[in-house]
Every structure is written in C-alpha cells, then in structure tokens.
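Down below is the structure, laid out as structure tokens.
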Amino acid sequence: MRCSPPPCLTILLAVFVASFTAHADCEPAHIARALGIEEAWIENAASFSLQGRNTLAAGADLALDRHVGMEIDLPAWDMASRALSPAVGAGVKVVLHGPCQPQTSATYVTAELEGQYNTRVRPAPPGQGDMITGQLEWAVVRPAGFFQGELGHNVALGTGGLPGWFLNASLGRRFGALTLQWEFEIDNTLPKGPYGTIEGSVWPQLALQLTPSWLLALGEERTFTHVPATARYSTWLLLEREFD
C-alpha cells in the first residue's frame, strides 16, 4: 500500500508520542470495553478486531496526560479482496468529567474529534472517504453494572464519506474476570442503495480479562434495515493489550 505524507506522518507522530505518554490508567473498575463503542476514559492500549471472515482491523489509544488522549485507526485488511483499506483515521479525546482511578462508582464524559483520510483511492468507496466525526462518549459505572455509549455525527468531506448521525450504547455487568454486556446501535450513515436510511444492530457480548493487561472479547452482531427485512449476522472477535 502506498501511503501519502499526511497519514504516514500521523502514524509516525503517534508512535513517537506513545514513547512519552503518561502512565494514565484511567479505566474504571467493573467495566470492559464494548466491541463497537469507543472508551470514555483515557488509556494506553493496542487492539486487533476481526469481523467474521471479512475484515481485520488494528488501532491504538494513547494517553497524552490524564485528561487528553488520542486514537489511531490503521488501514483495515479486507479478507475477501486480500487488500488493505485506503482509509486511515486519527482523533483527539478530551475527558470532560471523570476520575483517573479505577473506582467502583464513577461517571465519565469524553469529547472526541476524529478525522478519516483516504490515502490512495479516488473516488473513495463508500465508508472509506475523507470525513470528520465529532462525538460524545460516556460511561456510568456502579458495582451493580455499567452503562456506556457514544453519540456522534459524521461530516463527509468528499466522495466516499458517509454523513449522518449515530447512537451506540451498551448495558453490562462484570463478574470478576468475566463481563457480559448487550450493545445496540442505530444510525443513518448508510450509503445510497436499497437498504433505506436507518440501520440498527444488536450485539450480545462476552469479554474475558485474561490477565490484567490482556482482554479477549467475543460478540454476535445482528444488523437489520427496513429494506430488505432479512437480518445480517457477523461474529466479532477483539484482542486488546493495555500498557499501563
């Protein structure tokens, strides 16, 4: 994959900054990340995700200090075409409210501004074009369970960007090293086609804290639209490594 200067410099800058990041272990207790929701806390972590037999993706979260962090989304591998996606993303996260300790009861609110850049394909395929996303992320954690989610809006900057709003949230509970949660999503960011304007998904998930640093999560996504009415299914697998 040929990579033009802007995304390559972004990736190199992220790697450079990572070596100087603060040791900010701000993940609250009694919670685990969801497969489709960005965390409302700041951390240093890298992750790999696999969607069925279709897509392999990788990314990283970096803590610049206890209140500011950044996210990097590397080009995904399309297993059907055996090619890398031309899209790379990066974002800045600011914690508006929330402690930086693993407390058993806490509320987090985070604002994030994220950009996606198409490195080589013009015009870009749907979902892989240039766009900017603004969103709010939250996590309400109690000993009895947790509620986390994100609400945001995409602004397309050219062909291939998918404008529109999205809401993604989950309810769950942690039992020691095991976390059970139920995630749901609704959005109107579909490309033009036969599927209507609103899409929804539900994801029952199971996460296992293998060690204090390693998390393994598995979920089954059921996606549905008004037209056609047939549901689509895909299995998700996530492996995350924290560095705090």
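Every number in this text was worked out from the coordinates using simple rules, so none of it is lab data. Everything numeric in this text was worked out from a predicted model, so none of it was measured. Using ideal geometry, Cβ is built from the backbone for each residue, glycine included, and neighbour counts are taken over all protein chains shown.
Across the stretch 33-108, the relative contact order, built from alpha-carbon pairs under 8 Å that are at least six residues apart, equals 24 percent.
Under the 0.36 nm per residue contour assumption, what length would be gained going from the current alpha-carbon distance of Trp214 and Arg232 to full extension?
On the way: separation 18, 0.36 × 18 = 6.48 nm, distance 2.98 nm.
3.5 nm is the gain from fully extending Trp214 to Arg232.
Looking at the P(r) of the stretch 5-242, how many percent of alpha-carbon pairs lie beyond 25 Å? When all Cα pairs of the stretch 5-242 are counted, 41 percent exceed 25 Å. Sorted on the mean count of surrounding Cβ atoms within 10 Å across their residues, most packed first, peptides 119-128, 55-64 read 55-64, 119-128. Counted by Cβ distance under 15 Å from Gln116, the other residues give a net charge of -4, where Lys and Arg count +1 and Asp and Glu count -1.
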